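Visitor: Okay, handing you the structure first.
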Amino acid sequence: MADKAKKVFTMAYGCQMSERDAETLTELSTKEGYTKSENLEDADLVIINTCCVRESAENKILGKIGELKKIKEKNPNLKIAVSGCMVQQPGALERLQKRAPHVDVWTGTHNLHEFGNLLGQTISKGKAAEVWDKPRETTESTPLAEKGKLRANVNIMYGCNNFCSYCIVPHVRGRERSRPSEEILQEIKDLVESGCREVTLLGQNVNSYGKDFDQEFDFADLLKEVDQVPGLLRVRFITSHPKDISDKLISVVANGEHLCEHFHFPIQAGSNSILERMNRKYTREYYLSRVATIRQYIPHASITTDLIVGFPGETEEDFAQTLDIVEKVHYSQAFTFMYSKRSGTPAALMPDQIPLDVKKRRLQKLMTLQNSMSLVWRQRMIGHIYEVLVEGPSKSNPDRFTARTRGNELVVFDADKSFIGRLINVKIVDTNSWTLQGELAQ
Ligand code: SAH
Ligand code: SF4
């Protein structure tokens, strides 16, 4: 009788890039004989792809790694692999190995593609750990994608050159590297062939795509080509750094057929002195002028943002400027964070670090304001018809189905499985701050 197939269970923390890397790790483990499992209890291998962008993420992950120790005590054959940004931080590997000796495999961000080899090493050596201090070019060209998914993330570039003063990402992801467009297009065509209908193009700053190429070919050029891939219904992209968004890009989105009119356009803070110390390289006035251009080309464009409260030295006046921006731009959604000190970044050494209670109060105020803005944004959609891509049954009520508008707003409505993967029209009939209620429209 054949051996029972070994199972792998994967957890990804943090951004879409981390999710995408976790997918590659899972696919690499399937090449080593594992099959995917939806639950931890069944697993022979658990992969945790980590995030270190804020301390809260790191604490959550350390808690999870701690829990796995108990599971491994009951099941000593369980293999635990920890990878990604947290492991990649300078000096982190040794510290983590001491703290969690029950982990079998450690990898950083740059040697992700070596994961199969490292898994193999655990058979002969018991444990394996490797972190490269820099990316080595050839390894990044072949990310492995899970086939058959309706929506997929596709890396168009890696790394970041911006060094915002609070951010650890450039320290753990290296400098900007754009993937050749032919490779990206081939990956998307393969995904579409396997059933994918929507791709999200990923980069820390998609607007600097191609700056490292010899010939002139920028992100707008890439978008035009992706828009032409037969069978692809929707194209999204994150993240647009405000300093680099071009009129050409906005006009390509405005004129594209499958290019969704949604810009994730993080301002981070509303005050010029904070923006300067964050090293964001734009002013609030410049940001607002780019928003005006987006809305001039695409009046109904949905704009979302990331916001940080409690950056070192943030005064009540500075914070009031962030609230003011939220009202002026009218974001459809915002991701709001308390500033978190990251060692090795310049902001960690800045004077006037803000006390936790002040950060909490500001975050609460900001979230309350954004929730009311999100509600008004969605209330304005009531009575109108929108094209949505149907994703699948809602988690809370399997008779209702979830879908997204081109602006990335979530809609639930009555449907059945035959609608999955199709573009249909729904009329919005009700809403709260986060979820629109719809009904099928003719
Ligand atoms: N490249 C993207 C952001 C990637 S990190 C951009 O520039 O917009 C995702 C978000 O995490 C950031 O936009 C920022 O809002 C938040 N973030 C990053 N470092 C942080 C820190 N030290 N404390 C709190 N939030 C942080
Ligand atoms: Fe971090 Fe700034 Fe790069 Fe975004 S652009 S990843 S916030 S350094």
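Visitor: Once the range 341-442 is represented by equal point scatterers at the alpha-carbon sites, with solvent omitted, what log10 I(q)/I(0) does the Debye formula produce at q = 0.13, 0.24 Å⁻¹?
Guide: -0.59, -1.21
Visitor: Here's something else I'd like to know. Place a point 7 Å from Cα of Thr30 in the direction of its Cβ. Which residues in the range 95-124 have their backbone N less than 16 Å from it?
Guide: Taking a point 7 Å out along Cα→Cβ of Thr30, the residues of the range 95-124 whose backbone N falls under 16 Å are 116.
Visitor: Moving to a separate point now. Report, by chain and number, residues whose modeled amide H sits under 5 Å from the one on Thr402, excluding near sequence neighbours (fewer than 5 apart, same chain).
Guide: Amide H neighbours of Thr402: Glu391, Gly392, Ser394.
Visitor: Starting from the coordinates of the alpha-carbon atoms of the chain, obtain the Kirkwood hydrodynamic radius over all distinct pairs and give the value in Å to one decimal. Please list the in-between numbers first.
Guide: Numbers: mean 1/r = 0.0429 Å⁻¹.
Answer for the chain: a Kirkwood hydrodynamic radius of 23.3 Å.
Visitor: Among Phe217, Phe419, Phe335, which comes first, second and so on when ranked by fewest other beta-carbon atoms within 10 Å? Walk me through the numbers before you get to the answer.
Guide: Working: Phe217 16, Phe419 19, Phe335 13.
Least crowded to most crowded, the residues run Phe335, Phe217, Phe419.
Visitor: Once phi is turned into θ = phi - 60°, what whole-Hz ³J(HN,Hα) does the Karplus curve with 6.51, -1.76 and 1.60 give for every residue of the range 18-32, x standing for Gly and Pro?
Guide: 5, 4, 5, 5, 4, 5, 4, 4, 5, 4, 5, 5, 5, 5, 8
Visitor: Cα atoms only: what Rg and Dmax, in Å, come out for the range 385-440?
Guide: When restricted to the Cα atoms of the range 385-440, Rg and Dmax are 9.8, 28 Å.
Visitor: Of all DSSP beta bridges in the chain, what percent run antiparallel (nearest 5)?
Guide: Antiparallel: roughly 35 percent of the beta bridges in the chain.
Visitor: Please turn the phi angles of the range 422-436 into ³J(HN,Hα) values with the Karplus equation 6.51 cos²θ - 1.76 cosθ + 1.60 (θ = phi - 60°), one per residue in order, whole Hz, x for glycine and proline.
Guide: 9, 8, 9, 9, 10, 9, 7, 10, 7, 6, 10, 5, 10, 10, 8
Visitor: Let me ask something additional. In the range 234-282, if every C-alpha pair distance is counted and binned at 10 Å from zero, what percent goes to each bin?
Guide: Taking all Cα pairs of the range 234-282, the binned fractions are 24, 44, 23, 9 percent.
Visitor: Which entries of Lys125/Lys341; Lys134/Lys281; Lys127/Lys359; Lys79/Lys360 have Cα-Cα distances beyond 32 Å here?
Guide: Cα-Cα > 32 Å for Lys125/Lys341; Lys127/Lys359; Lys79/Lys360; rest within.
Visitor: Another question about this same structure. Among Trp132, Trp377, which comes first, then next, by fewest other beta-carbon atoms within 10 Å?
Guide: Details: Trp132 16, Trp377 20.
Ascending Cβ contact count within 10 Å gives the list Trp132, Trp377.
Visitor: Please list, ordered by chain and number, the residues whose modelled amide H lies under 5 Å from the amide H of Glu176; skip anything fewer than 5 residues away on the same chain.
Guide: Distant-sequence amide H within range of Glu176: Cys160, Asn161.
Visitor: Follow-up. Please sort by residue number the trypsin sites (Lys or Arg not before Pro) in the range 1-74 whose DSSP state is loop and whose Cβ has at most 14 other Cβ atoms within 10 Å.
Guide: Numbers: sites: Lys4, Lys6, Lys7, Arg20, Lys31, Lys36, Arg54, Lys60, Lys64, Lys69, Lys70, Lys72, Lys74; in loops: Lys4, Arg54.
Qualifying residues, ordered by number: Lys4.
Visitor: On average, how much area does the Cα convex hull of the range 277-345 cover when viewed from any direction, in nm²?
Guide: 5.3 nm²
Visitor: Still on this structure, I have one more. With the cut-off at 17 Å, report for the range 56-161 the share of all Cα pairs above it, as a whole percent.
Guide: Counting pairs separated by more than 17 Å, the tail of P(r) holds 61 percent.
Visitor: Please turn the phi angles of the range 110-127 into ³J(HN,Hα) values with the Karplus equation 6.51 cos²θ - 1.76 cosθ + 1.60 (θ = phi - 60°), one per residue in order, whole Hz, x for glycine and proline.
Guide: Listing the rounded values in order: 7, 10, 3, 6, 8, 4, x, 4, 5, 4, x, 4, 5, 5, 7, 9, x, 10 Hz.
Visitor: Same structure, new question: What distance in nm separates the two pseudo spin-label positions at Glu19 and Arg136, each 7 Å out from Cα along the beta-carbon direction?
Guide: For Glu19 paired with Arg136, the spin-label model returns 3.1 nm.
Visitor: Provide the convex hull volume over Cα atoms per residue for the range 6-130, in Å³.
Guide: Enclosed volume per residue, from the Cα hull, is 96 Å³.
Visitor: Collect residues whose amide H, placed 1.01 Å from N in the peptide plane, falls under 5 Å from the amide H of Asn279; neighbours closer than 5 in sequence don't count.
Guide: The answer is Ser165.
Visitor: Would you order Thr109, Thr50, Thr315 from fewest to most other beta-carbon atoms within 10 Å of each residue's own beta-carbon?
Guide: Result, fewest neighbours first: Thr315, Thr109, Thr50.
Visitor: Taking only the C-alpha atoms, wrap a convex hull around the range 140-260 and report its volume per residue in Å³ as a whole number.
Guide: It comes to 108 Å³ per residue, whole-number rounded.
Visitor: Using r as the Cβ-Cβ distance of Ser56 and Leu349, and R0 as 25 Å, what FRET efficiency do you calculate, to the nearest 0.05?
Guide: 0.75
Since every read-out is calculated from the coordinates, none of them should be taken as a lab result. On a predicted model such as this, the values are computed, not experimentally measured, just so you know. Positions of Cβ are backbone-derived with ideal geometry, glycine not excepted, and every protein chain shown enters the neighbour counts.
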